[in-house]
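Here's the structure we're looking at; comments come further down.
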Amino acid sequence: MYITCLDLEGVLVPEIWIAFSEASGIPELKRTTRDEPDYDKLMKWRLGILKEHGLGLKEIQDTIAKIDPLPGAKEFLDQLRSECQTVILSDTFTQFAAPLMKKLGMPSIFCNELVVAPDGEITDFKMRIKDSKLTTVKAFQSIGYKTIASGDSYNDLAMIQASAAGFLFRTTDKIKADYPNLPAFTEYDDLLAAIRAQLKKD
């Protein structure tokens with residue numbers, strides 16, 4: 001029995017922080033997990049920039065309200081969910097993800113939580129669990145699932161490598177060069193075909 005675990009940003013929806021960087025005019029916020037493997041370090045750096053500019057949750061949510069899934073993402077996800085148990089594993093936060101899940105047809109997502117002050121300042125963040133993507137994949141495996149995983153960033157590599165089949169999707173040239181053993185795709189049809197091929201093996 002298989003369960004497919006997908007990353008969210010860069011795979012199904014645009015990168016939220018890049019969109020907010022463009023909306024706010026703060027180029028430093030374009031840095032993502034494609035650039036910085038240490039997510040804790042990256043988030044603390046982001047919160048420092050938000051505080052410096054007096055920006056909070058509302059401003060980011062206003063940007064997220066204008067974000068739509070990547071072209072073809074919902075159709076891909078709908079088809080995949082009709083053929084295989086599917087869950088989104090993301091290092092984003094429920095306060096960011098909720099409106100995007102509505103646009104994707106309310107798939108299951110496991111993500112994290114922001115700590116928000118009454119005035120809307122994001123003061124901290126709470127990770128669901130350490131190494132959440134890898135830990136969740138291993139948890140699924142411990143209850144009898146084989147996992148298939150796909151993502152685009154450094155924080156997806158552990159779950160991809162720990163799965164029965166793992167695929168890079170629309171990743172960077174550097175990650176592809178560093179991990180040449182991982183199949184890499186740029187089109188949803190190709191990713192769906194690779195997942196189907198794995199499903200047929202059992």
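For the stretch 41-58, give me each residue that is free of Cβ contacts under 8 Å to residues at least 60 places away in the same chain and either of a type in the set (Ser, Thr, Tyr) or assigned to a helix (DSSP H, G or I) (or both).
As a first pass, look at the stretch 41-58 and keep what is free of Cβ contacts under 8 Å to residues at least 60 places away in the same chain: 41-42, 44-46, 48-49, 52-55.
Residues satisfying the conditions are 41, 42, 44, 45, 46, 48, 49, 52, 53.
At pLDDT 95 or above and under 16 Å from the mean Cα position of the chain (by Cα): which single residue out of 182, 168 fits that description? Spell out how you get there, then give the answer.
Values: 182 fails: under 16 Å from the mean Cα position of the chain (by Cα).
The conditions single out 168.
Just one of the numbered conditions (1) surrounded by fewer than 18 Cβ atoms within 10 Å (Cβ to Cβ); (2) closer than 27 Å to residue 44 by Cβ is not true of residue 136; which one?
(1)
Go through the stretch 186-202 residue by residue and tally those that are touching a Lys or Arg at 6+ places or on another chain (Cβ under 8 Å) and either under 20 Å from residue 72 (Cα atoms) or hydroxyl-bearing (Ser, Thr, Tyr) (or both).
Initially, the stretch 186-202 is screened for residues touching a Lys or Arg at 6+ places or on another chain (Cβ under 8 Å), giving 186, 202.
After this cut, where a residue has to be either under 20 Å from residue 72 (Cα atoms) or hydroxyl-bearing (Ser, Thr, Tyr) (or both) as well, the list is 186.
Qualifying residue count, the stretch 186-202: 1.
Go over the candidates 107, 118 one by one and state the one that is open to solvent by 70 Å² or more (accessible area, probe 1.4 Å) and modelled with pLDDT of 95 or more.
Result of the check over 107, 118: 118.
Give the residue that is modelled with the lowest pLDDT, with candidates limited to residues of the stretch 16-30 that are within 16 Å of the chain's Cα centre (by Cα) and open to solvent by 30 Å² or more (accessible area, probe 1.4 Å).
30
Within the set of pairs 6+ apart or on separate chains, which have a first residue in the stretch 13-27 that is under 17 Å from residue 54 (Cβ atoms) and of a type outside the set (Asp, Glu), a second that is modelled with pLDDT under 95 and open to solvent by less than 10 Å² (accessible area, probe 1.4 Å), and C-beta atoms under 9 Å apart?
Pairs found: 20/29; 21/29.
Which one of the conditions (1) touching a Ser or Thr at 6+ places or on another chain (Cβ under 6 Å); (2) open to solvent by 20 Å² or more (accessible area, probe 1.4 Å); (3) at negative phi does residue 170 fail to meet, given that it meets all the rest?
(3)
Taking the stretch 75-102 as the region of interest, how many residues are out of contact with any strand residue (DSSP E or B) (no Cβ under 8 Å at 6 or more places or on another chain) and either surrounded by fewer than 18 Cβ atoms within 10 Å (Cβ to Cβ) or modelled with pLDDT under 95 (or both)?
Here the count works out to 9.
For residue 129, indicate whether it is open to solvent by 70 Å² or more (accessible area, probe 1.4 Å) and closer than 25 Å to residue 148 by Cα. I'd like the intermediate steps shown before the answer.
On the way: open to solvent by 70 Å² or more (accessible area, probe 1.4 Å): yes; closer than 25 Å to residue 148 by Cα: yes.
Answer is yes for this residue.
Out of all the residues in the stretch 145-161, which are open to solvent by 40 Å² or more (accessible area, probe 1.4 Å) and over 14 Å from the mean Cα position of the chain (by Cα)? Give the steps one after another, and end with the answer.
To start, the set of residues in the stretch 145-161 that are open to solvent by 40 Å² or more (accessible area, probe 1.4 Å) comprises 145-146, 154, 158, 161.
Within the stretch 145-161, 145, 146, 161 meet the criteria.
I'd like the full set of residues that are basic (Lys, Arg) and open to solvent by less than 30 Å² (accessible area, probe 1.4 Å), limited to the stretch 31-64. Outline the logic, then answer.
Here is the first cut: in the stretch 31-64, the ones basic (Lys, Arg) are 31, 34, 41, 44, 46, 51, 58.
Correct list: 46 only.
The values are calculated or read from the model by the stated rules, or taken from the named source; none is laboratory data. Since this is a predicted model, take the numbers as computed values, not measurements. All Cβ positions, glycine included, derive from the backbone under ideal geometry; neighbour counts span all protein chains shown. Side chains are part of the model used for accessible areas, which takes the heavy atoms of the whole protein and leaves out ligands, DNA and RNA. Shrake-Rupley method; radii C 1.70, N 1.55, O 1.52, S 1.80 Å.
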